[in-house]
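The structure appears right after this line, and notes come after that.
Please treat every number below as a calculation from the coordinates, not as lab data. Note that this is a predicted model, so its numbers are computed, not measured. When we count neighbours, we look across all protein chains shown, and the Cβ atoms used for this are built from the backbone with ideal geometry, even at glycine.
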Amino acid sequence: MDQFLLLKEELTPESDDNAKEALSDTRIMLTLLDINIAGTVTASDTLKWMVMYVADNRKVQTKIHKELDDLENHSGDLRHCRSKMTYCEAVLREVMRMRPATPVAFKHKTLCDTKLGGYDIPKDTLVYPNIWAIHHDPKNWVSPETFMPERFLDKDGSLKKLDKKTWLPFSSGKRKCVGEALAMAEIMMIMALFFRRFSVSFPPDVQPDFEPMMFELNNTPFPQKIIVQKRG
Ligand code: HEM
């Protein structure tokens, strides 16, 4: 916002009309609104699903804690360790596969007659990319309903190259999410700082509910009880 406002201050009556329009209060407000809406609920929903999956998978949680403890003991500061958090990143990829924040991506209009998967799609058709279906298709994934971060790791623990045709929580093509790099960085940072200090579990009498509460533009879990404990 600061950058937009600084640019606006540089405008003169002789400035280009397009620049004046792009820096009008309305356009600045709408751009900031876009970034806020697109960039906050998506990341917080992903973190909520992550806490639930980790609470439900004790072995996964133990491996997260071990990776973070080892890195912290070795380097002293987790903020410089993102590329070494391979297990944590595999967990995040698996959470985003199982519960993509935007299960049905934004609709787009075909610009010409085209074919997709054997279907004829005429010009000017609205197309909804069904990310959820791609992420849960047994043709793409072994046991797609099972939470298995290891599917993203090689035998030596390094991250596999992502197949962008089957893993696409940020959608695909020219209009794919502009916030992907920021989202991955911020979620990984919050994940590391949280799990370094806390462990999570479901209370013994609670049956975790992994059904999405809202399902289309957003994918939010139902509110449910989780125990958060400070680690030793
Ligand atoms: C877990 C986090 C996120 C997920 C899963 C996600 C997912 C998506 C998806 C599926 C789209 C639709 C792409 C399409 O039109 O096909 C999108 C668009 C967009 N996202 Fe994200 N997003 C995330 C975080 C963010 C963040 C952090 C920002 C910005 C700070 C952001 C900004 C945007 C914007 C501006 C668009 C519209 C892009 C365009 O129409 O050209 N997103 N996102």
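What are the residues whose amide H is under 5 Å from the amide H of Gln224, where those residues sit 5 or more places off or on another chain and H is modelled from the backbone?
none
Taking θ as phi - 60°, what are the ³J(HN,Hα) couplings along region 88-104 by the Karplus curve (6.51, -1.76, 1.60), each to the nearest whole Hz, with x for Gly and Pro?
Coupling constants for region 88-104: 4, 5, 5, 4, 4, 4, 6, 4, 5, 6, 5, 10, x, 4, 10, x, 10 Hz.
Dipole magnitude of the chain about its Cα centre, charges +1 at Lys/Arg Cβ and -1 at Asp/Glu Cβ only, in debye to the nearest 20?
Dipole about the Cα centre, nearest 20: 920 debye.
Filter the chymotrypsin sites (Phe, Trp or Tyr not before Pro) in region 20-112 down to the DSSP loop ones having no more than 10 other Cβ atoms within 10 Å, then list what survives.
Here no chymotrypsin sites (Phe, Trp or Tyr not before Pro) fit, given the DSSP loop and packing criteria.
Starting from the Kirkwood Rh over alpha-carbon pairs, what translational D in µm² s⁻¹ does region 2-230 have by Stokes-Einstein at 4 °C and 1.567 mPa s?
64 µm²/s
So if I take the centroid of the Cα atoms in region 157-217 and the same for region 66-103, what is the distance between those two points in Å?
Computed from Cα coordinates, the inter-centre distance equals 10 Å.
So who's got an amide H within less than 5 Å of the one on Phe198, skipping anything under 5 residues away but keeping other chains? H placed 1.01 Å off N, in plane.
It is Arg231, by chain and number.
Under the rule of at least 5 residues apart or a separate chain, name every residue whose amide H is placed under 5 Å from the amide H of Trp167.
Hits under the 5 Å cutoff: none.
Dipole size in debye (nearest 20) for region 29-94 around its Cα centre, Lys and Arg Cβ +1, Asp and Glu Cβ -1?
The dipole magnitude comes to about 160 debye.
Can you pick out the pairs among Lys164/Lys230; Lys123/Lys174; Lys176/Lys230; Lys109/Lys164; Lys139/Lys225; Lys66/Lys174 whose Cα atoms lie more than 28 Å from each other?
Among Lys164/Lys230; Lys123/Lys174; Lys176/Lys230; Lys109/Lys164; Lys139/Lys225; Lys66/Lys174, the Cα-Cα distance tops 28 Å for Lys164/Lys230; Lys176/Lys230; Lys139/Lys225; Lys66/Lys174.
Packing-wise, with mean Cβ within 10 Å as the measure, how do 33-45, 112-124 rank, highest first?
33-45, 112-124
As a check on your grasp of the helix formula, calculate [θ] at 222 nm for the chain: sum -39500 (n - 2.57) over DSSP H runs of n ≥ 4, divide by the residue count, round to the nearest 500.
Theoretical 222 nm ellipticity from helices: -14000 deg cm²/dmol.
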